[in-house]
1. Show me the ranking of peptides 88-95, 70-77 by mean Cβ neighbours inside 10 Å, starting with the highest.
2. Please compute the contact order of the range 1-93 in relative form: average sequence separation of alpha-carbon pairs under 8 Å and at least six residues apart, divided by the residue count, as a percent.
3. Quick one: compute a quarter of the convex hull surface over the Cα atoms of the range 32-91 and quote it in nm².
4. Based on alpha-carbon atoms only, what is the radius of gyration of the chain relative to the globular estimate 2.2 N^0.38 Å?
């Protein structure tokens, strides 16, 4: 499991947006701005989205293998990229937990029956020099 340094952990709790890069079925990259939360206990990042979104479709994958994605947050000279495999979670309890975490980092979300969760299990972290391991 991936563990962030203390500096990285602080950075991923500050209110910043990131980009999520996933791969479309045709092999081209899909890059979209997202808000995300970091679960330090499990080493996963979570992005909420609508079931029909391109990021949810890409996170499900196209060849039966867990798709790889990259989440990148930047603030001036500070940056962190979290790479790993993605999966789409539709469990209501997991979604409620993610929505609560989102509200803590960003703002409360309105209920959306089409909301799903893209969970990224981190296996590689890159960051600016002063936040490195």
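1. On the way: 88-95: 13.2, 70-77: 15.5.
Packing proxy ranking, top to bottom: 70-77, 88-95.
2. 26 percent
3. Working: hull surface 19.4 nm².
Average of the hull's projected areas for the range 32-91 equals 4.9 nm².
4. 1.00
Read-outs: derived from the displayed coordinates by stated rules, not from any lab. Just so you know, these numbers come straight off a predicted model, no measurement behind them. No Cβ is skipped: glycine too gets one built from the backbone with ideal geometry, and neighbour counts run over all protein chains shown.
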